[in-house]
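Undergrad: One structure, as structure tokens, below. Some questions next.
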Amino acid sequence: MTDHTYKLVELVGSSPNSIDDAIRNAITRAGKTVRNMRWFEVVGTRGHIEDGKVAHFQVTLKVGFTLDDAG
């Protein structure tokens, strides 16, 4: 396939450990049902604070995947 047409989905990954883990968790989970993922873009980061400490990271991603051939 020489055309590069992508469809986008937006995901939110989370992790108590790191932003990196939150990204990986989102991509890994989406990979169970979304085929042909090719790239991602982090569009937002946020976290949850408990007792003055970071308790959880959340990362919003746009993920691009190629469409299956119609024919």
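The values are calculated or read from the model by the stated rules, or taken from the named source; none is laboratory data. Being a predicted model, the structure only gives us computed values, none of them experimental. Neighbour counts are summed over all protein chains in view; Cβ atoms, including those assigned to glycine, are modelled from backbone coordinates with ideal geometry. Side chains are part of the model used for accessible areas, which takes the heavy atoms of the whole protein and leaves out ligands, DNA and RNA. Shrake-Rupley method; radii C 1.70, N 1.55, O 1.52, S 1.80 Å.
Undergrad: Please give the per residue accessible area of the chain, computed with a probe of 1.4 Å over protein heavy atoms only, in Å².
TA: I get 73 Å² per residue for this part.
Undergrad: Under 26 Å Cα-Cα from residue 62, which lysines qualify once same-chain neighbours fewer than 8 residues away are excluded?
TA: 7, 32
Undergrad: Same structure, new question: Relative to the longest principal axis of the chain, what angle (0 to 90°, nearest 10) does the C-alpha long axis of helix 19-30 take?
TA: Here the helix axis deviates by roughly 40 degrees.
Undergrad: While we're looking at this one, here's another question. What does the net charge come to around residue 60 if you take all other residues with beta carbon closer than 12 Å to its beta carbon, with K and R at +1 and D and E at -1?
TA: Overall, the nearby charge balance is 0.
Undergrad: Work out the FRET efficiency for residue 7 and residue 46 from their Cβ-Cβ distance, taking R0 = 22 Å, and round it to the nearest 0.05.
TA: Efficiency computed from Cβ-Cβ geometry: 0.30.
Undergrad: Find how much the distance from residue 32 to residue 60 grows on full extension, using 0.36 nm per residue of separation minus their present alpha carbon separation; answer in nm with one decimal.
TA: 8.3 nm
Undergrad: I need the peptides 33-46, 5-18 ranked by packing, meaning the mean over residues of other C-beta atoms within 10 angstrom, with the highest value on top.
TA: Taking the mean over residues of other Cβ atoms within 10 Å, the ranking is 5-18, 33-46.
Undergrad: Something else: Which value results for Rg/Rh of the stretch 6-66 when Rg is the Cα radius of gyration and Rh the Kirkwood radius based on the inverse mean 1/r?
TA: Rg divided by Rh gives 1.05.
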